[in-house]
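J.: Structure incoming, see below.
The values are calculated or read from the model by the stated rules, or taken from the named source; none is laboratory data. These numbers come from a predicted model, not from an experiment. Cβ coordinates were reconstructed from backbone atoms using ideal geometry, including for glycine residues, and neighbour counts include every protein chain displayed.
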Amino acid sequence: MEKETIDLKEAAEIVENVSKRIALLHLSYAKTITDELGEERGKHLILRAIKDYGKKIGEKRREEIENLGLEPTPENFSKGSSLSIPPFGMHSKIEEKENLRAYGCVLGKLWKEYGEEELGKLYCYVDAAKYMGFNQDIVQTHTKAMTVGDEFCEFVVTRSTDKQKDKFKDDKADFSEVDEYLKG
């Protein structure tokens, strides 16, 4: 059987298009929910769904890491590939300095194009939820975010506080309090 290949530029374009569709899907659901339930109740419901989504990603990653015989530590999170975002096509550039920086987020740019950064940024809570789903003792939060007007997104992984753990465990709690930077 002959193996088919495509070049990196074409693969990046495909990932970018799929990412834009995901961003539009999130925006459409979020807009419909807030229009139907009102902004406060709608955002709360959206955050519950995003938390569940991130939790599932983190749990899948934890399972993979444990199957490799590794502990679910911050250092080992990236050693798994389950439900990972691609290293190309979703951002124009990724830098790992003191913290992880992502430039040109395709999702963030699309939400800005539609003037819907406020609803779009609810998706960004997936970052905290996926880490806490992986290990409730750690959380990834933002120190910068395109959805709040920054030039890039910057992430830091820290030990989760008792308050963050409580917000993660309680489906009725306001999950926006887990990432204070996004909350504003």
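J.: Which of the following residues is of a type in the set (F, W, Y) and farther than 18 Å from S19 by Cα: F152, F77?
T.: F77
J.: Taking E118 and the conditions (1) within 22 Å of S28 (Cα to Cα); (2) crowded, with 17+ Cβ neighbours inside 10 Å, which numbered condition does it fall short on, given that it satisfies the others?
T.: It fails just one condition, (2).
J.: Being part of a helix (DSSP H, G or I) and either among the hydroxyl-bearing types (S, T, Y) or under 19 Å from the mean Cα position of the chain (by Cα) (or both) is the filter; apply it to the range 153-175 and report the residue that is surrounded by the most Cβ atoms within 10 Å (Cβ to Cβ).
T.: Among those that are part of a helix (DSSP H, G or I) and either among the hydroxyl-bearing types (S, T, Y) or under 19 Å from the mean Cα position of the chain (by Cα) (or both), it is F175.
J.: Which members of the range 74-90 meet the condition of being touching an Asp or Glu at 6+ places or on another chain (Cβ under 9 Å) and of a type in the set (S, T, Y)?
T.: Correct list: S81, S82.
J.: Which residues, taken from the range 82-105, are more than 22 Å from E13 (Cβ to Cβ) and not charged (D, E, K, R)?
T.: Listed by number, the residues that qualify are S82, N99, L100.
J.: Where in the range 61-148 are the strands (runs of 3 or more DSSP E), entirely inside, with at least 3 residues that are touching a residue at least 12 places away in the same chain (Cβ under 8 Å)?
T.: Hits in the range 61-148: 100-103, 138-144.
J.: Let me spell it out: the conditions are (1) surrounded by fewer than 17 Cβ atoms within 10 Å (Cβ to Cβ); (2) under 24 Å from E151 (Cα atoms); (3) in contact with a Leu (Cβ under 9 Å, 6 or more places away or on another chain), and S84 meets all of them except one. Which number is the exception?
T.: (3)
J.: For Q140, work out the one condition from (1) at pLDDT below 95; (2) within 11 Å of the chain's Cα centre (by Cα); (3) over 24 Å from N17 (Cβ atoms) it doesn't fulfil.
T.: Answer for Q140: the failing condition is (1).
J.: Is the range 4-11 home to any residue that is part of a loop (DSSP other than H, G, I, E, B) and modelled with pLDDT of 95 or more?
T.: There is no residue in the range 4-11 that is part of a loop (DSSP other than H, G, I, E, B) and modelled with pLDDT of 95 or more.
J.: Here's a follow-up. If we scan the range 61-77, do we find a residue that is under 20 Å from A145 (Cα atoms) and not aliphatic (A, V, I, L, M)?
T.: Among the residues of the range 61-77, not one is under 20 Å from A145 (Cα atoms) and not aliphatic (A, V, I, L, M), which makes the answer no.
J.: If you don't mind, there's one more thing I want to ask. Please work out which residue is nearest to E117 (Cα to Cα), limiting yourself to the range 149-180 and to residues that are among the aliphatic types (A, V, I, L, M) and at pLDDT 95 or above.
T.: V178
J.: Go through the residues of the range 121-136 one by one and say whether even a single one is surrounded by fewer than 16 Cβ atoms within 10 Å (Cβ to Cβ), over 15 Å from the mean Cα position of the chain (by Cα) and of a type outside the set (F, W, Y).
T.: Checked against the condition, which is being surrounded by fewer than 16 Cβ atoms within 10 Å (Cβ to Cβ), over 15 Å from the mean Cα position of the chain (by Cα) and of a type outside the set (F, W, Y), the range 121-136 yields no hits at all.
J.: Please tell me if Y29 is among the hydroxyl-bearing types (S, T, Y) and within 16 Å of F134 (Cβ to Cβ).
T.: No: the conditions fail for Y29.
J.: Taking E36, is it more than 15 Å from the chain's Cα centre (by Cα) and either surrounded by 14 or more Cβ atoms within 10 Å (Cβ to Cβ) or part of a helix (DSSP H, G or I) (or both)?
T.: yes
J.: Would you point out which residue out of E75, E59, E71, E96 is modelled with pLDDT of 95 or more, out of contact with any helix residue (DSSP H, G or I) (no Cβ under 7 Å at 6 or more places or on another chain) and among the acidic types (D, E)?
T.: Matching residue, one of E75, E59, E71, E96: E71.
J.: Another question, then. Quick one: is S19 in a helix (DSSP H, G or I) and within 24 Å of Y131 (Cα to Cα)?
T.: For S19, the condition - in a helix (DSSP H, G or I) and within 24 Å of Y131 (Cα to Cα) - is met.
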